[in-house]
1. With a 10 Å cut-off between alpha carbons and a GNM built on the chain, which of HIS163, HIS62, HIS183 moves the most?
2. So what is the accessible area of region 40-87 per residue, in Å², with the probe set to 1.4 Å?
3. Once amide H atoms are placed 1.01 Å from N in the peptide plane, what residues at a sequence separation of 5 or more from VAL242, or on another chain, have their amide H within under 5 Å of its amide H?
4. Could you give the DSSP H helices of the chain that reach 15 angstrom or more along their long axis (alpha carbon positions) and whose average Kyte-Doolittle hydropathy is no lower than -0.5?
5. With the Cα gyration tensor of region 167-282 giving a ≥ b ≥ c as the square roots of its eigenvalues, does the rule (a/c under 1.5 for rounded; else a/b larger than b/c for prolate; else oblate) give rounded, prolate or oblate?
6. Just for region 42-192, what percent of DSSP beta bridges are antiparallel, to the closest 5?
7. Relative contact order of region 93-249: what whole-number percent is it, with Cα pairs under 8 angstrom and at least 6 residues apart?
8. Identify which of LEU241, LEU93, LEU40 has the largest mean-square fluctuation in a Gaussian network model of the chain, with springs joining Cα atoms closer than 10 Å.
Amino acid sequence: MTLFYYDYLFQEHETGEHPENPGRLAAVMRRLNFLGLDALCHRPAWEPASMEQLRLVHTADHIQAVRSLSERGGGAVDEDTVVSRRSYDAATLGAGAVADAVQRVVAGEDKTAFCLIRPPGHHATADQAMGFCLFNNIAIGARIATQTMGLEHVMIVDFDVHHGNGTQDIFYADPRVSFVSMHRSPLYPYSGREDETGIGEASGMTVNLPITFGTSAEVQRQRFRDAMMSLAEKNAPQLLLVSAGFDSHRLDPIGSLGLSSEDFTLITQDIVSVAKQYTGGRIVSVLEGGYNPHALAESVSNHLETLLEES
């Protein structure tokens, strides 16, 4: 059984006509309900991330800035990133979902988890909200795994069409967390070159796979599979964390690398294969991008169904 996290509060992060809007999760939940996939999962109750958990990754000033803007009724952090009255509550509940999932999976309650949350997180740095992201959910999960749960090594894999610059920045010098990102290049945030590999003791822990538009799906999947396997062989992770962005789908309006919903099934199968070999099958997956509601719903259902089958 797979742990599944969703709450209607995520819909109350209001962004207007923004591509990252409440309709994304509404479309996903309609499809999961129709297919009965959500009913096959265990749906635990959980709490918002605590200040202590947020501080594992973010500065106090950053956390307070997001909270204050939300309490004032919201506004624009930058030209891409919107905060509304309930955004802080939604963001802390989303980060709390990832924290809870990591704790339960590491403790052995279930082997796999999927967090259907918003706002997304992988662009947020320690002290800056950007790229639709307020708090870096996957980074908070990784820090809980290594600093609270005592794991020696965690691997994050990110297949969002945009480079996970915030995640890379947070762990660029941390040898306990390795990071693989496959992303379209050139594209926002214009980072993630192949020569960005980490520093100090973490040198070689970051692997970037910039993909040019027009690269075949088969080549993309092969590069991602090889990079995951090579880094896992090097570091023997005890937990696999997934930044699951589905905006590489061929129908996505702001990304696209020509992938189909079926490609995400195959990518997920490869992730599960790596996890079975190195982490005992332990995977926590977290929603990032995906801005065509129909394509997102289909891709997420494929991803979740594969996690359920393999768990």
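The values are calculated or read from the model by the stated rules, or taken from the named source; none is laboratory data. The structure presented is a predicted model; accordingly, all values stated were derived computationally and were not measured. Every residue, glycine as well, gets a Cβ built from its backbone with ideal geometry; the counts of neighbours run over all protein chains shown. We work out accessible area using only protein heavy atoms, side chains counted, and drop any ligands, DNA or RNA first. Shrake-Rupley method; radii C 1.70, N 1.55, O 1.52, S 1.80 Å.
1. Greatest mean-square fluctuation among the candidates belongs to HIS62.
2. Working: 2780 Å² over 48 residues.
Per residue, region 40-87 has 58 Å² of solvent-accessible surface.
3. VAL157, VAL284, SER285, VAL286
4. Passing helices, by number: 23-35, 60-71, 87-107, 261-278, 293-310.
5. Numbers: a/c = 2.10, a/b = 1.25, b/c = 1.67.
Taking the square roots of the gyration eigenvalues as a ≥ b ≥ c, region 167-282 is oblate.
6. Numbers: 4 of 9 bridges.
In region 42-192, approximately 45 percent of DSSP beta bridges are antiparallel ones.
7. Numbers: 302 pairs, mean separation 35.2, N = 157.
Averaging sequence separation for qualifying contacts and normalising by length gives 22 percent for region 93-249.
8. Maximum fluctuation in the GNM of the chain, among the listed residues, is at LEU40.
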